[in-house]
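Taking it in order: structure first as structure tokens, then the write-up.
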Amino acid sequence: MGLLYVNGECGAGKTFDLLKWIASHPGLYIVAFNKIDLFSEHQATLVAFAGSIPIKVFAINSKDGVRNASVGERITKQVQDINSLNHTHCVLFITHEALFRVDWTRTDLESHRWRLFIDESPMPWSYVETNFPVSWKSVHQYINHQPTGDGHGDYIPVQLTDEGEALRRAKHDPFKDVLIDYLNAIRLGKYAYANKSFFCNGDKQSIKLTMFSIINPKVLDSFAEATILSANFKATFAHLIWSKMGVHFTPHKELVVSRCRAMPLGNRIRIHYFGEREASLNWFNNEANPLKIAGDWFNKHIQVPFYYAVNESRNGGNRLSQVHNPLAQQIAPIAMGSNQLSDMTVAAWLVALKGKPYEYAIIEELFGITREQFDRARELEPLYQFALRSNLRDFESSAPVDIYVISKSQANFLKSITGANHIEWVGIDLPEPIKVIDADPKPVGRPKKYKSDEAAKEAQRLRDRKYRQDKRAQQRLNQLNKAA
């Protein structure tokens, strides 16, 4: 199958040009945004572009106040109504989440009449793992392996039971909150796989449920055409994974975005970092509390309006949002093409979006996606888009913009992609993680083989990789011997 894409620098006007193009080209369009916050802004822009041109514009989302049906059901009904009324120029705004909750292969939706545009690259990959030391049998009531279907090594395809589907649709069941990440991973239009060991009853029974899922790109194949608008599209997860699944990507021939800056981006951006240590949630939640030190620095030193992002705080961890400067505005670390922050000249990225150790091994084994590619798509591309929500988004401006990050590796990436001439250390060191000392330590044994946890994890990754390579080689050798 094939998908189209529109590339272009953040702030180059991809969404702006799309809405202008839709206004002047009659047809049926679905436009999916990753944030509800943008709906009203884009609706107003589209209506302004249309002027006296007759065009119908609809928007459906979970915050529009309508409660008589689910978002998916309402989108289905709206598309059916538009088809039956034979509208010739109509636009329906929905979210990424809602897009993948509708079965577009249904013949009554006549998806072949519609063009789809996805603003910002969707995230097709999800991974979650949780221990259920007592309740693992209860989880089996809601999630079970499929009786048929090809597995991937230690992973087997899974599905929701009837009780699981009922739980997914429930509105006020507290156990839904416990399993919500799994319920979202196993739904329409997704391939979901979980570790076999969670479902077996033998000696290898596991209390940890590990699951990964991938959005099936074929759910988009029913449309007349489907286009993704994204900066650096070929470095996103959608391109990395879906191209491995046989999707061919082609630039959109009519929508080509190109703008020139009054001053080169590298001459405007100034990058600052706190230290050499890689940003990680384990470190952020450690007793050392490095984000408290970073937050105090911003509270004391930044004297102009600025925006910042942190990870969501987790139960039992530190409060990660430690910036209390009255000039600060906290935002989510998610890509969003909006000009709402384009007057600000300072931003702080206090975020870690690395994958889990075993997640790297799975995605490399299944798709050949390296750790470096994974980290860029997962953490560094969102960082770039975060930085470009500032005054750097204004192509006519020449004002300098200061971007603060945690690690030198984050700073180096931002420098490489923006051509920044200025990169420097903030001037303070964030505290190293505090190691808990056992009150009743065991006798001292041989010295540690590795100097750090990161080194140990990397060594384990290499051992796992070699094990898989040797295993595949042995399987091929057995096949040859059998054939002989």
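Things worth noting here:
- Against the list (1) modelled with pLDDT of 90 or more; (2) part of a loop (DSSP other than H, G, I, E, B), the condition TYR5 fails is (2).
- Filter result for CYS200 (free of Cβ contacts under 8 Å to residues at least 40 places away in the same chain and of a type outside the set (Phe, Trp, Tyr)): yes
- Of residues in region 105-124 being at pLDDT below 95 and buried (at least 23 other Cβ atoms within 10 Å of the Cβ), the one farthest from the chain's Cα centre (by Cα): ASP119
- Meets criteria (aliphatic (A, V, I, L, M), within 28 Å of TYR358 (Cβ to Cβ) and crowded, with 17+ Cβ neighbours inside 10 Å) for ALA185: yes
- Condition met for ARG259 (at pLDDT below 95, more than 23 Å from TYR360 (Cβ to Cβ) and open to solvent by 10 Å² or more (accessible area, probe 1.4 Å)): yes
- Test: residue in region 63-79 that is out of contact with any Asp or Glu (no Cβ under 9 Å at 6 or more places or on another chain), surrounded by 20 or more Cβ atoms within 10 Å (Cβ to Cβ) and either among the aromatic types (Phe, Trp, Tyr) or farther than 25 Å from LEU183 by Cβ (or both): no
- With respect to the conditions (1) modelled with pLDDT of 90 or more; (2) more than 28 Å from the chain's Cα centre (by Cα), LYS137 falls short on a single one, namely (1).
- Residue in region 437-445 that is more than 17 Å from LEU265 (Cα to Cα), part of a loop (DSSP other than H, G, I, E, B), open to solvent by less than 70 Å² (accessible area, probe 1.4 Å) and at pLDDT 75 or above present: no
- Here region 51-62 is the region considered, the condition is being of a type in the set (Val, Ile, Thr) and part of a loop (DSSP other than H, G, I, E, B), and the residue that is most open to solvent (accessible area, probe 1.4 Å) is ILE53.
- Looking only at region 365-389, and only at residues there that are at pLDDT 90 or above and over 15 Å from the mean Cα position of the chain (by Cα), the one that is farthest from SER313 (Cα to Cα): GLY368
- GLN205 vs. criteria over 25 Å from ALA238 (Cβ atoms), modelled with pLDDT under 90 and out of contact with any helix residue (DSSP H, G or I) (no Cβ under 9 Å at 6 or more places or on another chain): no
- Every residue from region 210-226 that is open to solvent by 10 Å² or more (accessible area, probe 1.4 Å) and outside any strand (DSSP E or B): ASN216, LYS218, VAL219, ASP221, SER222, PHE223, ALA224
- The set of residues in region 80-97 being touching a Pro at 6+ places or on another chain (Cβ under 9 Å), farther than 19 Å from SER24 by Cα and open to solvent by 60 Å² or more (accessible area, probe 1.4 Å) is empty.
- Of all residue pairs spaced 6 or more apart or on separate chains, those with beta-carbon atoms under 8 Å, a first member in region 34-50 that is under 21 Å from ALA98 (Cβ atoms) and a second member that is among the aromatic types (Phe, Trp, Tyr) and crowded, with 18+ Cβ neighbours inside 10 Å are PHE39/PHE33; PHE39/PHE93; HIS42/PHE33; HIS42/PHE93; GLN43/PHE93.
- Looking only at region 79-113, residues that are among the charged types (D, E, K, R) and at positive phi come to 1 in all.
- Checking the stated criteria, ALA411 turns out to be under 21 Å from the mean Cα position of the chain (by Cα) and either modelled with pLDDT of 95 or more or assigned to a loop (DSSP other than H, G, I, E, B) (or both).
- Across region 140-153, the qualifying residues are those that are in contact (Cβ under 8 Å) with a residue 60 or more places away in the chain and open to solvent by 40 Å² or more (accessible area, probe 1.4 Å), and the one among them that is nearest to the chain's Cα centre (by Cα) is HIS152.
- Criterion: touching a Pro at 6+ places or on another chain (Cβ under 9 Å) and at negative phi - qualifying residue of TYR182, TYR155, TYR191, TYR142: TYR191
- Tally, over region 140-153, of residues that are at pLDDT below 90 and among the polar types (S, T, N, Q): 2
The values are calculated or read from the model by the stated rules, or taken from the named source; none is laboratory data. Just so it is clear, the structure is predicted and the values come from calculations on it, not from any experiment. FYI the Cβ positions are ideal-geometry reconstructions off the backbone, even for glycines, and counts take in every protein chain you see. Areas reflect the complete protein model, heavy atoms only, side chains present, ligands, DNA and RNA absent. Shrake-Rupley method; radii C 1.70, N 1.55, O 1.52, S 1.80 Å.
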